[in-house]
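The values are calculated or read from the model by the stated rules, or taken from the named source; none is laboratory data. None of the values given here were measured: they were computed from a predicted structure. Cβ sites come from the backbone with ideal geometry, for glycine too, and all protein chains shown count toward neighbours. For the accessible areas, the whole protein counts, side chains as well, though only heavy atoms, and no ligand, DNA or RNA atoms are used. Shrake-Rupley method; radii C 1.70, N 1.55, O 1.52, S 1.80 Å.
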Amino acid sequence: MTHSPIDVLVREVGLRDGLQNTATIVPTEGKLAWIVAELAAGVREIEVTSFVPPKLIPQFADAEEVVSRALKLSGLTLMALAPNLRGAERAFALGVHKVDYVTSVSRTHNLKNVRREREESLADFVRIVQARDAAGLKGHIELAAGLSTALGCSYEGRIAVDEVRRCAAFLAEAGADEIMIADTVGYADPRQVREVFTAVLAEVGTVPVAAHFHDTRGTGLANVAAALECGIRRFDSSLGGLGGCPFAPGASGNIVTEDLCFMLDSMGLSTGIDLERLLAVREIAASYLGSDSLSGALARAGLPRHYQSAAARASA
Ligand code: COA
Ligand code: ZN
């Protein structure tokens with residue numbers, strides 16, 4: 001499948017960030033149906049699972065199967081989370097396109113989430129880069145380095161911009177192919193987003209920076225607008241706003257993919273995603289998780305009457 005050019009990359013993370021937090025285990029078939037339907041709606045990058053110990057998060061016991069089946073889908077950039085070298089090795093063995101490695105800027109959250117000091121997590125990223133390169137996978141597998149709790153932490157409160165800047169600089173220097181700045185618990189506001197992203201962008205040179213916002217307190221899309229102004233063109237979001245870290249008290253859903261795509265499309269920023277088809281994917285997730293678990297303003301209100309997509313307007 002060839003894709004038309006886009007202005008903004010919207011990456012679906014509901015199958016990872018969303019499902020890590022739900023009590024219901026979605027069967028592998030359901031995950032695949034969700035992936036296939038989002039890809040058909042035009043979502044070109046999807047985080048499909050997490051390589052964590054199955055005992056810790058049973059939802060991802062089928063990680064290997066989900067990845068090997070999703071890798072057969074043409075046109076999909078497949079990302080998977082790895083919290084440590086062991087997880088990255090599982091991802092490398094299957095040939096995922098991108099590994100999402102996470103470190104928290106908050107030392108306390110890092111200890112709770114991955115049971116080690118932040119500096120150990122940062123040092124592990126260097127080992128992951130070395131392992132990938134030693135396996136001859138450089139140029140085949142990208143390493144995205146995520147900084148969780150970069151805009152606030154439910155254990156530590158505010159996080160100093162300088163700490164985020166230093167962690168981002170370390171990861172860029174270590175060879176990250178992408179830096180992801182995450183508001184894990186939804187504390188951020190647009191002014192803070194401008195401050196943090198400006199500081200990070202000044203530090204990481206040409207390494208692309210992505211934003212990962214949670215809409216816990218209703219500032220999610222305002223934060224996207226602020227990040228867009230800084231030049232950010234990659235955003236994580238979840239179908240129906242599923243999401244939240246099980247090891248961060250008070251964490252709830254990511255920004256809603258459907259609402260994000262609607263806002264971007266309305267702004268004339270093409271995402272390559274068909275809004276009607278995207279809205280229809282909710283039925284698949286709802287059939288496993290219940291419709292109450294999905295949120296979203298666009299789904300509630302519907303597309304405006306006579307709505308024309310950015311692509312339709314551009315070609316009119
Ligand atoms: N995949 C599968 N098994 C793994 C693994 C991985 N990525 N990492 C470790 N294990 C296994 C080890 O082999 C060991 O198995 P054993 O008991 O049979 O010997 C066991 O798990 C414990 O390993 P250890 O290295 O001591 O891990 P830990 O208990 O210190 O936990 C993490 C560390 C990182 C694996 C765990 O805290 C984790 O997965 N955290 C991620 C949490 C998360 O997903 N948060 C939300 C997303 S940010
Ligand atoms: Zn998240």
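For the range 212-260, taking the residues that are open to solvent by less than 10 Å² (accessible area, probe 1.4 Å) and of a type in the set (S, T, N, Q), the one that is nearest to ligand 2 (Cβ to nearest atom) is identified as Asn254. Entry remark, the range 4-63: residues being away from ligand 2 (no atom under 16 Å from the Cβ) and either more than 17 Å from the chain's Cα centre (by Cα) or free of Cβ contacts under 8 Å to residues at least 12 places away in the same chain (or both) number 25 in total.
Here the condition is being of a type outside the set (Gly, Ala, Ser) and buried (at least 19 other Cβ atoms within 10 Å of the Cβ); of Glu173, Glu195, Glu203, it holds for Glu203 alone. Screening the candidates Asn84, Asn110 for the property of being open to solvent by 40 Å² or more (accessible area, probe 1.4 Å) and either in contact with a helix residue (DSSP H, G or I) (Cβ under 7 Å, 6 or more places away or on another chain) or of a type in the set (Gly, Ala, Ser) (or both) yields one hit, Asn84. Selection of the range 90-123 for residues being in contact with a Gly (Cβ under 9 Å, 6 or more places away or on another chain) and part of a loop (DSSP other than H, G, I, E, B) yields only Ser106.
Considering the range 280-316, the residues that are open to solvent by 50 Å² or more (accessible area, probe 1.4 Å) and in a loop (DSSP other than H, G, I, E, B) include one that is farthest from Cys261 (Cα to Cα), namely Ala316.
Scanning the range 14-63 for residues that are of a type in the set (A, V, I, L, M, F, W, C), part of a helix (DSSP H, G or I) and open to solvent by 30 Å² or more (accessible area, probe 1.4 Å) turns up Ala33, Val36, Ala40.
Being open to solvent by less than 40 Å² (accessible area, probe 1.4 Å) and in contact (Cβ under 8 Å) with a residue 60 or more places away in the chain is a property that does not hold for Gly157. Would you mind stating whether Ala61 is within 13 Å of ligand 1 (Cβ to nearest atom), in contact with a Pro (Cβ under 7 Å, 6 or more places away or on another chain) and among the small types (Gly, Ala, Ser)? Here the answer is yes, as Ala61 does meet what is asked.
The condition of being on the phi < 0 side of the Ramachandran plot and either without any contact (Cβ under 8 Å) to a residue 12 or more places away in the chain or open to solvent by 10 Å² or more (accessible area, probe 1.4 Å) (or both) holds for only one of Leu143, Leu147, Leu137, that being Leu137.
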